[in-house]
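Here the structure comes first, spelled out in C-alpha coordinates, and everything after it is commentary.
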Amino acid sequence: MQKGSKDYKASFKLKNGLTLKNRILMAPMTTRMSFFDGDVTKDELAYYALRSGEVGAVITAAANVSDLGKGWEGELSVENDVHIPSLTSLSNVIQINQTKAIIQLFHAGRMTNSKILRGHQPVSASAIAAEREHAQTPRELSETEILQIIEDFKNAVLRSYKAGFDGVELHGANTYLIQQFFSPHSNRRQDKWGGSLENRYLFIETLVDEVLKVTKQFKRPFAVGYRFSPEEFETPGIRLKDTLYLVDKLAEKNLDYLHISLNDYDRVSVSEDYKEASILKYINDKIDGRIPLIGVGGISRKKHLLEALDNCDLVAIGRSILAEPHWVSKVFSDREDLLNLSIAHEDFTDLEIPRSLATSLVHMMKGQIK
Ligand SMILES: Cc1cc2nc3c(=O)[nH]c(=O)nc-3n(C[C@H](O)[C@H](O)[C@H](O)COP(=O)(O)O)c2cc1C
(Lines give C-alpha, C1' and ligand atoms only; values in the text may rest on other atoms or scores of the structure.)
Protein backbone atom coordinates (compact mmCIF):
# COMPACT_ATOMS: atom_id res chain seq x y z
CA MET A 1 0.00 0.00 0.00
CA GLN A 2 1.18 3.52 -0.84
CA LYS A 3 2.49 5.48 2.17
CA GLY A 4 -0.08 7.74 3.85
CA SER A 5 -2.83 6.27 1.72
CA LYS A 6 -5.18 4.95 4.43
CA ASP A 7 -8.33 7.02 4.74
CA TYR A 8 -8.37 7.87 8.44
CA LYS A 9 -11.87 9.41 8.17
CA ALA A 10 -13.47 6.32 6.63
CA SER A 11 -15.45 3.85 8.71
CA PHE A 12 -13.85 0.56 9.71
CA LYS A 13 -15.69 -2.70 10.26
CA LEU A 14 -14.42 -5.17 12.85
CA LYS A 15 -14.72 -8.94 12.42
CA ASN A 16 -17.75 -9.38 14.71
CA GLY A 17 -19.69 -6.72 12.78
CA LEU A 18 -19.08 -3.64 14.92
CA THR A 19 -18.44 -0.58 12.72
CA LEU A 20 -16.22 2.26 13.90
CA LYS A 21 -17.13 5.52 12.19
CA ASN A 22 -13.45 6.40 11.70
CA ARG A 23 -10.02 4.94 12.44
CA ILE A 24 -9.37 6.89 15.65
CA LEU A 25 -9.95 5.54 19.17
CA MET A 26 -9.42 7.26 22.48
CA ALA A 27 -6.64 5.32 24.23
CA PRO A 28 -7.46 3.78 27.61
CA MET A 29 -6.47 6.24 30.32
CA THR A 30 -6.91 5.72 34.01
CA THR A 31 -8.81 8.59 35.59
CA ARG A 32 -8.63 7.66 39.30
CA MET A 33 -12.06 9.28 39.49
CA SER A 34 -14.28 6.31 40.44
CA PHE A 35 -15.83 5.79 43.87
CA PHE A 36 -13.93 3.78 46.52
CA ASP A 37 -15.92 0.68 45.46
CA GLY A 38 -15.33 1.14 41.70
CA ASP A 39 -18.67 2.72 40.78
CA VAL A 40 -18.51 5.51 38.20
CA THR A 41 -18.73 9.09 39.53
CA LYS A 42 -20.53 12.01 37.92
CA ASP A 43 -17.15 13.71 37.40
CA GLU A 44 -16.02 10.68 35.45
CA LEU A 45 -19.16 10.71 33.28
CA ALA A 46 -18.55 14.37 32.47
CA TYR A 47 -14.90 13.60 31.62
CA TYR A 48 -15.93 10.88 29.13
CA ALA A 49 -18.88 12.82 27.68
CA LEU A 50 -16.53 15.67 26.77
CA ARG A 51 -14.26 13.30 24.82
CA SER A 52 -16.90 11.16 23.09
CA GLY A 53 -18.79 11.72 19.88
CA GLU A 54 -15.85 12.41 17.55
CA VAL A 55 -13.69 9.29 17.88
CA GLY A 56 -14.71 5.93 16.42
CA ALA A 57 -14.50 4.38 19.91
CA VAL A 58 -13.50 5.25 23.43
CA ILE A 59 -11.55 2.61 25.33
CA THR A 60 -12.17 3.26 29.02
CA ALA A 61 -9.67 3.31 31.87
CA ALA A 62 -8.61 -0.10 33.14
CA ALA A 63 -11.37 -1.72 35.21
CA ASN A 64 -10.68 -4.52 37.68
CA VAL A 65 -12.40 -7.90 37.31
CA SER A 66 -11.97 -8.89 40.96
CA ASP A 67 -11.19 -7.31 44.33
CA LEU A 68 -7.70 -8.82 44.44
CA GLY A 69 -7.07 -7.36 41.00
CA LYS A 70 -7.46 -3.75 42.13
CA GLY A 71 -4.38 -1.69 41.30
CA TRP A 72 -5.09 1.75 42.72
CA GLU A 73 -7.69 3.89 44.46
CA GLY A 74 -10.32 5.52 42.26
CA GLU A 75 -10.28 2.58 39.84
CA LEU A 76 -13.29 1.47 37.85
CA SER A 77 -14.63 -1.99 38.72
CA VAL A 78 -16.57 -4.71 36.90
CA GLU A 79 -16.15 -7.27 39.68
CA ASN A 80 -19.79 -7.49 40.76
CA ASP A 81 -23.30 -7.18 39.28
CA VAL A 82 -23.93 -4.22 41.59
CA HIS A 83 -21.81 -2.12 39.23
CA ILE A 84 -24.02 -2.77 36.17
CA PRO A 85 -26.26 0.33 36.56
CA SER A 86 -23.24 2.58 37.03
CA LEU A 87 -21.41 0.95 34.09
CA THR A 88 -24.54 1.42 31.98
CA SER A 89 -24.43 5.16 32.58
CA LEU A 90 -20.79 5.09 31.47
CA SER A 91 -21.49 3.25 28.19
CA ASN A 92 -24.42 5.63 27.58
CA VAL A 93 -22.39 8.83 27.85
CA ILE A 94 -19.75 7.44 25.50
CA GLN A 95 -22.24 6.30 22.85
CA ILE A 96 -23.07 9.67 21.36
CA ASN A 97 -22.83 10.32 17.62
CA GLN A 98 -22.15 6.59 17.02
CA THR A 99 -18.95 6.51 19.09
CA LYS A 100 -18.53 2.95 20.36
CA ALA A 101 -17.80 2.13 24.01
CA ILE A 102 -15.09 -0.43 24.80
CA ILE A 103 -14.21 -1.21 28.40
CA GLN A 104 -10.69 -2.28 29.34
CA LEU A 105 -10.61 -5.27 31.70
CA PHE A 106 -7.64 -6.04 33.90
CA HIS A 107 -6.17 -7.58 37.01
CA ALA A 108 -3.19 -5.76 38.53
CA GLY A 109 -1.45 -8.92 39.78
CA ARG A 110 1.74 -7.90 41.61
CA MET A 111 1.41 -4.22 40.58
CA THR A 112 -0.54 -3.22 43.68
CA ASN A 113 -0.07 -3.45 47.45
CA SER A 114 -1.77 -4.74 50.57
CA LYS A 115 -3.02 -1.25 51.48
CA ILE A 116 -5.05 -1.05 48.27
CA LEU A 117 -6.11 -4.68 48.76
CA ARG A 118 -7.36 -3.91 52.29
CA GLY A 119 -4.82 -6.09 54.02
CA HIS A 120 -4.51 -8.88 51.45
CA GLN A 121 -1.19 -9.78 49.85
CA PRO A 122 -0.97 -9.15 46.08
CA VAL A 123 -0.97 -12.25 43.85
CA SER A 124 0.90 -13.15 40.67
CA ALA A 125 2.16 -16.02 38.54
CA SER A 126 5.13 -16.41 40.92
CA ALA A 127 6.29 -14.95 44.22
CA ILE A 128 8.65 -12.44 42.60
CA ALA A 129 8.46 -8.73 43.37
CA ALA A 130 8.45 -6.19 40.55
CA GLU A 131 11.65 -4.18 40.09
CA ARG A 132 10.33 -0.92 41.47
CA GLU A 133 10.62 0.96 44.72
CA HIS A 134 8.51 -0.37 47.63
CA ALA A 135 7.28 -3.34 45.54
CA GLN A 136 5.73 -6.07 47.69
CA THR A 137 6.45 -9.72 47.02
CA PRO A 138 3.25 -11.31 45.73
CA ARG A 139 1.88 -14.74 46.63
CA GLU A 140 2.00 -17.39 43.87
CA LEU A 141 -1.47 -18.26 42.57
CA SER A 142 -2.68 -21.84 42.87
CA GLU A 143 -4.12 -23.56 39.78
CA THR A 144 -7.64 -23.23 41.25
CA GLU A 145 -7.11 -19.49 41.69
CA ILE A 146 -5.79 -19.14 38.13
CA LEU A 147 -8.94 -20.78 36.77
CA GLN A 148 -11.06 -18.56 39.04
CA ILE A 149 -9.40 -15.42 37.60
CA ILE A 150 -10.32 -16.61 34.10
CA GLU A 151 -13.91 -17.03 35.37
CA ASP A 152 -13.72 -13.49 36.82
CA PHE A 153 -12.76 -12.13 33.39
CA LYS A 154 -15.63 -14.05 31.77
CA ASN A 155 -18.13 -12.68 34.30
CA ALA A 156 -16.77 -9.18 33.75
CA VAL A 157 -17.26 -9.59 29.98
CA LEU A 158 -20.88 -10.64 30.53
CA ARG A 159 -21.48 -7.66 32.84
CA SER A 160 -19.93 -5.31 30.28
CA TYR A 161 -22.35 -6.66 27.66
CA LYS A 162 -25.30 -6.26 30.03
CA ALA A 163 -24.16 -2.70 30.77
CA GLY A 164 -24.46 -1.85 27.06
CA PHE A 165 -20.78 -1.74 26.08
CA ASP A 166 -19.85 -2.50 22.46
CA GLY A 167 -16.80 -4.46 23.43
CA VAL A 168 -14.02 -5.25 25.87
CA GLU A 169 -10.27 -4.92 25.68
CA LEU A 170 -8.25 -7.52 27.59
CA HIS A 171 -5.40 -5.58 29.16
CA GLY A 172 -2.39 -7.76 28.55
CA ALA A 173 0.00 -4.78 28.65
CA ASN A 174 1.75 -2.37 31.03
CA THR A 175 3.07 -5.08 33.39
CA TYR A 176 -0.29 -6.21 34.85
CA LEU A 177 -1.32 -9.81 35.59
CA ILE A 178 -1.94 -11.04 32.04
CA GLN A 179 1.52 -9.80 31.04
CA GLN A 180 2.97 -11.21 34.28
CA PHE A 181 2.05 -14.70 33.10
CA PHE A 182 3.85 -14.14 29.77
CA SER A 183 6.94 -12.55 31.31
CA PRO A 184 9.94 -14.70 32.28
CA HIS A 185 10.59 -12.15 35.04
CA SER A 186 7.32 -12.58 36.90
CA ASN A 187 6.50 -16.14 35.81
CA ARG A 188 9.02 -18.69 37.17
CA ARG A 189 6.46 -21.47 37.60
CA GLN A 190 7.45 -25.09 37.09
CA ASP A 191 3.94 -26.34 36.21
CA LYS A 192 2.09 -26.14 32.88
CA TRP A 193 1.50 -22.36 33.38
CA GLY A 194 5.21 -21.50 33.35
CA GLY A 195 8.68 -22.37 32.12
CA SER A 196 8.88 -22.35 28.31
CA LEU A 197 7.54 -19.53 26.13
CA GLU A 198 4.67 -21.83 25.08
CA ASN A 199 3.77 -22.51 28.72
CA ARG A 200 3.92 -18.81 29.61
CA TYR A 201 1.45 -18.21 26.76
CA LEU A 202 -1.04 -20.75 28.16
CA PHE A 203 -2.79 -18.30 30.51
CA ILE A 204 -3.33 -15.82 27.65
CA GLU A 205 -4.54 -18.51 25.27
CA THR A 206 -6.97 -20.01 27.80
CA LEU A 207 -8.27 -16.55 28.76
CA VAL A 208 -8.83 -15.48 25.14
CA ASP A 209 -10.50 -18.77 24.17
CA GLU A 210 -12.78 -18.74 27.22
CA VAL A 211 -13.78 -15.09 26.72
CA LEU A 212 -14.55 -15.73 23.04
CA LYS A 213 -16.83 -18.60 24.06
CA VAL A 214 -18.83 -16.13 26.19
CA THR A 215 -19.14 -13.47 23.51
CA LYS A 216 -20.20 -16.02 20.89
CA GLN A 217 -23.58 -16.21 22.67
CA PHE A 218 -24.19 -12.44 22.46
CA LYS A 219 -27.10 -11.20 20.34
CA ARG A 220 -25.49 -7.97 19.08
CA PRO A 221 -22.02 -7.17 17.69
CA PHE A 222 -19.51 -7.13 20.54
CA ALA A 223 -15.78 -6.64 20.03
CA VAL A 224 -12.99 -8.37 21.92
CA GLY A 225 -9.57 -6.76 21.62
CA TYR A 226 -6.24 -7.59 23.23
CA ARG A 227 -3.57 -5.11 24.36
CA PHE A 228 0.10 -6.04 24.79
CA SER A 229 3.40 -4.36 25.63
CA PRO A 230 6.11 -5.34 23.13
CA GLU A 231 9.09 -5.55 25.48
CA GLU A 232 10.25 -5.30 29.06
CA PHE A 233 13.46 -3.77 30.36
CA GLU A 234 14.07 -6.31 33.16
CA THR A 235 16.36 -9.30 32.69
CA PRO A 236 14.94 -11.82 32.19
CA GLY A 237 12.04 -10.07 30.51
CA ILE A 238 9.80 -10.09 27.45
CA ARG A 239 11.75 -9.29 24.29
CA LEU A 240 10.36 -8.34 20.87
CA LYS A 241 11.06 -11.87 19.62
CA ASP A 242 8.66 -13.24 22.29
CA THR A 243 6.04 -10.66 21.36
CA LEU A 244 6.27 -11.63 17.69
CA TYR A 245 5.44 -15.19 18.82
CA LEU A 246 2.51 -13.83 20.87
CA VAL A 247 0.98 -11.75 18.07
CA ASP A 248 1.48 -14.58 15.59
CA LYS A 249 -0.62 -16.81 17.88
CA LEU A 250 -3.23 -14.17 18.69
CA ALA A 251 -3.65 -13.22 15.02
CA GLU A 252 -5.14 -16.69 14.52
CA LYS A 253 -7.82 -16.15 17.19
CA ASN A 254 -11.26 -14.77 16.52
CA LEU A 255 -10.31 -11.48 18.19
CA ASP A 256 -11.39 -8.13 16.70
CA TYR A 257 -8.10 -6.32 17.09
CA LEU A 258 -4.66 -6.29 18.70
CA HIS A 259 -3.55 -3.08 20.40
CA ILE A 260 0.09 -2.36 21.05
CA SER A 261 1.07 -0.26 24.06
CA LEU A 262 3.81 2.27 23.22
CA ASN A 263 4.62 5.83 24.23
CA ASP A 264 6.04 6.62 20.77
CA TYR A 265 4.55 5.02 17.67
CA ASP A 266 7.95 5.06 15.96
CA ARG A 267 9.92 3.58 18.88
CA VAL A 268 12.71 1.20 17.93
CA SER A 269 13.34 -2.04 19.85
CA VAL A 270 16.04 -2.43 22.49
CA SER A 271 16.95 -5.79 20.88
CA GLU A 272 19.96 -5.65 18.56
CA ASP A 273 18.19 -7.99 16.12
CA TYR A 274 15.32 -5.59 15.46
CA LYS A 275 16.84 -2.17 14.83
CA GLU A 276 15.98 -1.81 11.13
CA ALA A 277 12.45 -0.48 11.58
CA SER A 278 10.02 0.61 14.28
CA ILE A 279 8.52 -1.95 16.64
CA LEU A 280 5.12 -1.12 15.12
CA LYS A 281 6.35 -2.13 11.67
CA TYR A 282 7.81 -5.44 12.89
CA ILE A 283 4.50 -6.27 14.59
CA ASN A 284 2.44 -5.21 11.58
CA ASP A 285 4.60 -7.28 9.23
CA LYS A 286 4.19 -10.34 11.47
CA ILE A 287 0.41 -9.89 11.58
CA ASP A 288 0.35 -9.47 7.80
CA GLY A 289 -3.27 -8.35 7.59
CA ARG A 290 -4.70 -11.26 9.60
CA ILE A 291 -6.20 -9.00 12.31
CA PRO A 292 -6.51 -5.20 12.68
CA LEU A 293 -3.67 -3.59 14.65
CA ILE A 294 -4.09 -0.42 16.72
CA GLY A 295 -1.00 1.80 16.85
CA VAL A 296 -0.47 4.41 19.57
CA GLY A 297 2.04 6.74 21.15
CA GLY A 298 2.80 10.43 20.85
CA ILE A 299 0.32 11.15 18.06
CA SER A 300 -0.45 14.83 18.34
CA ARG A 301 -0.49 16.00 14.69
CA LYS A 302 -2.04 14.75 11.47
CA LYS A 303 1.39 13.91 10.10
CA HIS A 304 1.96 11.47 13.02
CA LEU A 305 -1.46 9.93 12.39
CA LEU A 306 -0.64 9.31 8.73
CA GLU A 307 2.84 7.98 9.52
CA ALA A 308 1.47 5.61 12.17
CA LEU A 309 -1.25 4.37 9.82
CA ASP A 310 1.47 3.20 7.39
CA ASN A 311 2.13 0.43 9.91
CA CYS A 312 -1.27 -0.23 11.52
CA ASP A 313 -4.99 -0.13 10.74
CA LEU A 314 -6.38 2.00 13.56
CA VAL A 315 -4.84 4.59 15.85
CA ALA A 316 -5.40 5.24 19.56
CA ILE A 317 -4.78 8.72 20.91
CA GLY A 318 -4.38 9.38 24.61
CA ARG A 319 -2.72 12.52 25.94
CA SER A 320 -3.64 14.68 22.94
CA ILE A 321 -7.34 13.95 23.48
CA LEU A 322 -6.93 14.49 27.22
CA ALA A 323 -5.63 18.00 26.55
CA GLU A 324 -7.73 18.61 23.41
CA PRO A 325 -11.13 16.87 23.54
CA HIS A 326 -11.85 18.14 19.98
CA TRP A 327 -8.64 16.77 18.50
CA VAL A 328 -10.51 14.67 15.94
CA SER A 329 -12.81 17.36 14.59
CA LYS A 330 -10.01 19.93 14.41
CA VAL A 331 -7.63 17.55 12.61
CA PHE A 332 -10.35 16.19 10.31
CA SER A 333 -11.30 19.71 9.25
CA ASP A 334 -7.67 20.88 8.79
CA ARG A 335 -7.71 23.29 11.72
CA GLU A 336 -4.56 22.00 13.40
CA ASP A 337 -3.55 25.56 14.22
CA LEU A 338 -6.36 25.58 16.81
CA LEU A 339 -5.19 22.47 18.69
CA ASN A 340 -4.47 22.93 22.41
CA LEU A 341 -1.90 20.27 23.12
CA SER A 342 -0.91 21.26 26.62
CA ILE A 343 -2.98 21.79 29.75
CA ALA A 344 -2.73 25.00 31.76
CA HIS A 345 -3.60 24.65 35.45
CA GLU A 346 -6.47 27.06 34.81
CA ASP A 347 -7.94 24.60 32.24
CA PHE A 348 -8.55 21.70 34.62
CA THR A 349 -12.18 22.59 35.33
CA ASP A 350 -13.11 23.16 31.68
CA LEU A 351 -11.43 19.87 30.73
CA GLU A 352 -13.44 17.99 33.41
CA ILE A 353 -10.20 16.82 35.05
CA PRO A 354 -10.16 17.01 38.85
CA ARG A 355 -7.30 19.03 40.32
CA SER A 356 -6.41 16.04 42.46
CA LEU A 357 -5.14 14.39 39.29
CA ALA A 358 -2.72 17.18 38.48
CA THR A 359 0.25 15.63 40.28
CA SER A 360 0.02 12.22 38.65
CA LEU A 361 -0.74 13.76 35.24
CA VAL A 362 2.30 16.03 35.30
CA HIS A 363 4.46 12.90 35.35
CA MET A 364 2.50 11.17 32.53
CA MET A 365 1.95 14.18 30.28
CA LYS A 366 5.69 14.75 29.63
CA GLY A 367 5.71 18.55 29.90
CA GLN A 368 2.23 19.00 28.39
CA ILE A 369 0.96 20.49 31.66
CA LYS A 370 2.11 24.08 31.97
C1 LIG B 1 -3.11 9.46 32.42
C2 LIG B 1 -2.85 8.17 31.69
C3 LIG B 1 -3.47 7.00 32.11
C4 LIG B 1 -3.27 5.80 31.41
N5 LIG B 1 -3.96 4.67 31.79
C6 LIG B 1 -3.92 3.56 31.02
C7 LIG B 1 -4.79 2.46 31.27
O8 LIG B 1 -5.64 2.49 32.17
N9 LIG B 1 -4.67 1.37 30.47
C10 LIG B 1 -3.77 1.30 29.44
O11 LIG B 1 -3.71 0.30 28.74
N12 LIG B 1 -2.96 2.35 29.16
C13 LIG B 1 -3.04 3.47 29.91
N14 LIG B 1 -2.27 4.56 29.57
C15 LIG B 1 -1.41 4.51 28.35
C16 LIG B 1 -2.19 5.08 27.14
O17 LIG B 1 -3.24 4.22 26.75
C18 LIG B 1 -1.28 5.29 25.90
O19 LIG B 1 -0.76 4.03 25.50
C20 LIG B 1 -0.10 6.23 26.17
O21 LIG B 1 -0.53 7.38 26.86
C22 LIG B 1 0.57 6.65 24.85
O23 LIG B 1 -0.34 7.28 23.99
P24 LIG B 1 -0.44 8.90 23.87
O25 LIG B 1 0.95 9.39 23.57
O26 LIG B 1 -1.40 9.15 22.76
O27 LIG B 1 -0.91 9.40 25.19
C28 LIG B 1 -2.42 5.77 30.27
C29 LIG B 1 -1.77 6.94 29.88
C30 LIG B 1 -1.99 8.14 30.54
C31 LIG B 1 -1.33 9.41 30.05
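Conditions (1) in contact with a Leu (Cβ under 7 Å, 6 or more places away or on another chain); (2) farther than 15 Å from Ile294 by Cα, marked per residue:
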{"residue": "Ala10", "(1), (2)": "no, yes"}
{"residue": "Lys13", "(1), (2)": "no, no"}
{"residue": "Leu18", "(1), (2)": "no, yes"}
{"residue": "Met26", "(1), (2)": "no, no"}
{"residue": "Ser34", "(1), (2)": "yes, yes"}
{"residue": "Asp37", "(1), (2)": "no, yes"}
{"residue": "Val40", "(1), (2)": "yes, yes"}
{"residue": "Tyr48", "(1), (2)": "yes, yes"}
**Prompt:** Restricting the search to region 80-98, which residues are in contact with a strand residue (DSSP E or B) (Cβ under 6 Å, 6 or more places away or on another chain) and polar (S, T, N, Q)?
**Reply:** Ser91, Gln95
**Residue in region 1-36 that is nearest to Phe348 (Cα to Cα), counting only those that are within 17 Å of the chain's Cα centre (by Cα) and not aliphatic (A, V, I, L, M)** = Thr31
**Message:** Can you tell me how many residues within region 338-363 are assigned to a loop (DSSP other than H, G, I, E, B) and either closer than 17 Å to Ala61 by Cα or of a type outside the set (A, V, I, L, M) (or both)?
**Reply:** 9
**Asked** Which numbered condition trips up Ala344, out of (1) at pLDDT below 95; (2) within 20 Å of Phe12 (Cβ to Cβ)?
**Response** (2)
**Item:** Residues located in region 136-178, provided they are under 20 Å from the mean Cα position of the chain (by Cα) and of a type in the set (A, V, I, L, M)
**Value:** Ile149, Ile150, Ala156, Val157, Leu158, Ala163, Val168, Leu170, Ala173, Leu177, Ile178
**Message:** I'd like the full set of residues that are out of contact with any Pro (no Cβ under 8 Å at 6 or more places or on another chain), closer than 19 Å to Asp43 by Cβ, within 14 Å of the ligand (Cβ to nearest atom) and without any contact (Cβ under 8 Å) to a residue 60 or more places away in the chain, limited to region 323-355.
**Reply:** Ala323, Ile343
**Message:** Quick check on my filter: what residues within region 67-98 are in contact (Cβ under 8 Å) with a residue 60 or more places away in the chain, farther than 17 Å from Asp43 by Cβ and among the hydrophobic types (A, V, I, L, M, F, W, C)?
**Reply:** Val78, Ile84
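To keep it simple, each residue is scored yes or no on (1) within 16 Å of the ligand (Cβ to nearest atom); (2) within 27 Å of Ala61 (Cβ to Cβ); (3) touching a Leu at 6+ places or on another chain (Cβ under 7 Å); (4) in contact (Cβ under 8 Å) with a residue 40 or more places away in the chain.
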residue: Arg239; (1), (2), (3), (4): no, no, no, no
residue: His259; (1), (2), (3), (4): yes, yes, no, yes
residue: Asp273; (1), (2), (3), (4): no, no, no, no
residue: Ala277; (1), (2), (3), (4): no, no, no, no
residue: Lys286; (1), (2), (3), (4): no, no, yes, yes
residue: Gly295; (1), (2), (3), (4): yes, yes, yes, no
residue: Ile299; (1), (2), (3), (4): yes, yes, yes, no
residue: Lys303; (1), (2), (3), (4): yes, no, no, no
residue: Ile321; (1), (2), (3), (4): yes, yes, no, yes
**Prompt:** Within the bounds of region 112-129, is there any residue that is closer than 20 Å to Leu18 by Cα, more than 16 Å from the ligand (Cβ to nearest atom) and either in contact (Cβ under 8 Å) with a residue 60 or more places away in the chain or in contact with an Asp or Glu (Cβ under 7 Å, 6 or more places away or on another chain) (or both)?
**Reply:** no
**Matching residues in region 1-24 - criterion: being of a type outside the set (Phe, Trp, Tyr), surrounded by 19 or more Cβ atoms within 10 Å (Cβ to Cβ) and within 13 Å of Leu309 (Cα to Cα)** = Lys6, Asn22, Arg23, Ile24
**Request:** Please indicate, with yes or no, whether at least one residue in region 172-191 is farther than 24 Å from Ala61 by Cα, part of a loop (DSSP other than H, G, I, E, B) and free of Cβ contacts under 8 Å to residues at least 12 places away in the same chain.
**Result:** yes
**Item:** Enumeration of residues in region 58-102 that are within 14 Å of the ligand (Cβ to nearest atom), under 18 Å from Trp327 (Cα atoms) and touching a helix residue (DSSP H, G or I) at 6+ places or on another chain (Cβ under 8 Å)
**Value:** Val58, Thr60
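Results for (1) polar (S, T, N, Q); (2) surrounded by fewer than 24 Cβ atoms within 10 Å (Cβ to Cβ); (3) within 30 Å of Gly17 (Cα to Cα), shown as yes or no for each residue.
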{"position": "Ala135", "(1), (2), (3)": "no, yes, no"}
{"position": "Thr144", "(1), (2), (3)": "yes, yes, no"}
{"position": "Asn155", "(1), (2), (3)": "yes, yes, yes"}
{"position": "Tyr161", "(1), (2), (3)": "no, yes, yes"}
{"position": "Glu169", "(1), (2), (3)": "no, no, yes"}
{"position": "Thr175", "(1), (2), (3)": "yes, yes, no"}
{"position": "Ile178", "(1), (2), (3)": "no, no, yes"}
{"position": "Ser186", "(1), (2), (3)": "yes, no, no"}
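The values are calculated or read from the model by the stated rules, or taken from the named source; none is laboratory data. Only a predicted model underlies this, so the values are computations on that prediction, with no experimental measurement involved. We place every Cβ from the backbone using ideal geometry, glycine too, and count neighbours over all the protein chains shown.
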